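> I'd like to ask you about the structure that follows.
The values are calculated or read from the model by the stated rules, or taken from the named source; none is laboratory data. These numbers come from a predicted model, not from an experiment. Don't worry about glycine lacking a Cβ; one is built from the backbone with ideal geometry, like all the others, and counts go over all protein chains shown. When the accessible area is computed, the model is the full protein with side chains, heavy atoms only, and any ligands, DNA or RNA have been set aside. Shrake-Rupley method; radii C 1.70, N 1.55, O 1.52, S 1.80 Å.
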Amino acid sequence: MTAPVVFDRSLVRRRLARALRAGYADFLLDRAVADLEERLAPVLRTFAEALDVGTPTPAAADLLRRSGRAGRVLRVAPVPEKGSVAGDEERLPVAPGRFDLAVSLLSLQSVNDLPGALVQIRRALKPDGLFLGALFGGATLTELRQAFTQAEAELEGGVSPRVAPFADMRDLGGLLQRAGFALPVADSETVRVRYGDPFSLMRDLRRMGLTNALSDRRRTPLRRATLMRAAALYAERFADPDGRLPATFEIVWLSGWAPHESQQKPLRPGSAKMRLAEALGVKEQPAGDKPGH
């Protein structure tokens, strides 16, 4: 079954290349890199071979090299850059079973076939290899999405897709399992960034390469009246008491391991060595009885 084409992948890369030339707005990526270092800290091993899948800048690869957590780091970059392999997250140009660690920061939310991309990452790992990834989740830019939806409904009689349909955290955990990862975990954090006006937010989105790259986006230019109405609605509905405007970014973290026989496995039903009542230190009640009877 072919995955639906939600994103214009060529346009995604062109938008990112433009952002990198203009000066990438790295405040969210810097936060994700710091979180990556913190999440790796409890893992008491070093990784001989590490893979960076599509992170917009070399920041994650630089961390792995600088920290000594990885011996060699191969970076698959979304746009050509010195010292990296240019490649697409949906078609990884790497041999299977090569890497002890794979990371991907703020990139996978714009692939069309996320389950397929996760399968490729899992296949690139050696048995007991670790994957850590961060991508934008479903609550991201909820204020901007609501403002544009209402503005277009009022002024244009219909709504066109302008903000990407980010995946829900609950679905992402299931995708890890479907992709064959063992011990899959998904968790999220909400980052709230405040702006003086909506146009400052839009400039930052442009500088992160996150402007509209949806395949079914409206091809005609955004009408000025619609833009101004969306900005007004944003301020009316979401402004903080001091007048500044919040923008929500949900960052979902995914982790999973390539399966290995040494990993902890759930017990088979009926194989427990201790009864629950014994473990809790209470008297077991037959089914249907009430305590004290």
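> Suppose we filter segment 42-59 for residues that are under 13 Å from L130 (Cβ atoms) and part of a loop (DSSP other than H, G, I, E, B); how many remain?
Qualifying residue count for the region: 5.
> From the residues in segment 252-263 that are of a type outside the set (G, A, S) and more than 20 Å from the chain's Cα centre (by Cα), which one is surrounded by the most Cβ atoms within 10 Å (Cβ to Cβ)?
Top of the filtered list is P259.
> Which residues, counting only those in segment 87-110, are out of contact with any Lys or Arg (no Cβ under 6 Å at 6 or more places or on another chain) and part of a loop (DSSP other than H, G, I, E, B)?
Of everything in segment 87-110, those that are out of contact with any Lys or Arg (no Cβ under 6 Å at 6 or more places or on another chain) and part of a loop (DSSP other than H, G, I, E, B) turn out to be G87, E89, E90, L92, P93, V94, A95, R98, L106, S107.
> A further question on this structure: Just give me the residues in segment 77-109 being touching a Pro at 6+ places or on another chain (Cβ under 9 Å), small (G, A, S) and either open to solvent by less than 30 Å² (accessible area, probe 1.4 Å) or over 19 Å from V33 (Cα atoms) (or both), in sequence order.
A77, G83, A86, G87, G97, S107, listed by residue number.
> Same structure again: So D30 clears everything in (1) of a type outside the set (G, A, S); (2) out of contact with any Gly (no Cβ under 8 Å at 6 or more places or on another chain); (3) closer than 24 Å to R123 by Cβ except one condition, right? Which one?
(3)
> Another one. Which of the residues that make up segment 114-134 are part of a strand (DSSP E or B) and either surrounded by 24 or more Cβ atoms within 10 Å (Cβ to Cβ) or among the small types (G, A, S) (or both)?
Selection gives L125, G129, F131, G133, A134.
> Kindly evaluate L141 against the criterion of being touching a residue at least 60 places away in the same chain (Cβ under 8 Å), under 30 Å from R69 (Cβ atoms) and either aliphatic (A, V, I, L, M) or in contact with a Pro (Cβ under 7 Å, 6 or more places away or on another chain) (or both).
For L141, the condition - touching a residue at least 60 places away in the same chain (Cβ under 8 Å), under 30 Å from R69 (Cβ atoms) and either aliphatic (A, V, I, L, M) or in contact with a Pro (Cβ under 7 Å, 6 or more places away or on another chain) (or both) - is not met.
> Looking at V12, V76, V85 in this structure, which one is over 17 Å from S255 (Cα atoms) and either of a type in the set (S, T, N, Q) or touching a helix residue (DSSP H, G or I) at 6+ places or on another chain (Cβ under 7 Å) (or both)?
After applying the criteria, what remains is V12.
> Could you tell me whether segment 165-182 includes any residue that is touching a strand residue (DSSP E or B) at 6+ places or on another chain (Cβ under 8 Å), under 22 Å from D8 (Cβ atoms) and loosely packed, with under 14 Cβ neighbours inside 10 Å?
So far as segment 165-182 goes, no, none of its residues is touching a strand residue (DSSP E or B) at 6+ places or on another chain (Cβ under 8 Å), under 22 Å from D8 (Cβ atoms) and loosely packed, with under 14 Cβ neighbours inside 10 Å.
> Those residues that are of a type outside the set (A, V, I, L, M) and part of a helix (DSSP H, G or I), I need them from segment 5-35; list them, please.
Within segment 5-35, R9, S10, R13, R14, R15, R18, R21, F27, D30, R31, D35 qualify.
> Could you grab the pairs with beta carbons closer than 8 Å, sequence gap of 6+ or different chains, first residue in segment 16-32 and on the phi < 0 side of the Ramachandran plot and open to solvent by 40 Å² or more (accessible area, probe 1.4 Å), second one at pLDDT 95 or above and hydroxyl-bearing (S, T, Y)?
From segment 16-32, the pairs are L20/T57; D26/T57.
> Of the residues in segment 194-251, how many are crowded, with 17+ Cβ neighbours inside 10 Å, touching a strand residue (DSSP E or B) at 6+ places or on another chain (Cβ under 7 Å) and part of a helix (DSSP H, G or I)?
Adding up the residues that qualify gives 4.
> Report, by residue number, each residue of segment 51-76 that is over 12 Å from L105 (Cα atoms) and surrounded by fewer than 19 Cβ atoms within 10 Å (Cβ to Cβ).
Those that are over 12 Å from L105 (Cα atoms) and surrounded by fewer than 19 Cβ atoms within 10 Å (Cβ to Cβ): D62, R65, R66, S67, G68, G71, R72.
> Of (1) over 20 Å from L172 (Cα atoms); (2) touching a strand residue (DSSP E or B) at 6+ places or on another chain (Cβ under 8 Å), R18 satisfies all except one. Which?
With respect to (1) over 20 Å from L172 (Cα atoms); (2) touching a strand residue (DSSP E or B) at 6+ places or on another chain (Cβ under 8 Å), R18 is out only on (2).
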